[in-house]
Amino acid sequence: MQFSFLVGVQEQHRVDFSFDQFIGNLEIKVDGQPLVKDFRMLSLRLTKRYEFTVGAHEQHHVAIEKKRKLFLAGFRPQRYRIYVDRQLVQTYTGS
């Protein structure tokens, strides 16, 4: 699953999210720079949340929430929710 979104009005930043559901590699980049690298193969939690702040003069709190199914998660669609400043701005569903 891959998606990108912009954060900010006067000071815009591009956030790129990439997760290979079968291998387990997860990466979040801000303006092309790696911010989060994670390996998600075996986990007891159904929901994982990644939180960070973007911007220097115009700061925004960003959270990406990844929710998976309990059984055979690698073969089933997962849901992703994007929050900016604690407001839900986008939802993605995909493998």
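FYI, it's all coordinate maths here, none of it is from the lab. Please read these numbers as outputs of a predicted model, since none were measured by experiment. Every residue, glycine among them, receives a Cβ derived from its backbone with ideal geometry; neighbour counts consider all protein chains shown.
Annotations for the structure displayed:
- Correct option for Rg/Rh (Cα atoms, Kirkwood Rh) [calculated from the coordinates] among (i) 1.08; (ii) 1.10; (iii) 0.98: (iii)
- Theoretical FRET efficiency, 1/(1+(r/R0)^6), r = Cβ-Cβ of residue 79 and residue 6, R0 25 Å, to 0.05: 0.75
- A straight chain from residue 61 to residue 36 at 0.36 nm per residue would run longer than the Cα-Cα distance by 7.5 nm.
- Positive-end residue, the chain charge dipole about Cα centroid, Cβ charges, pick of 33, 90, 12: 90
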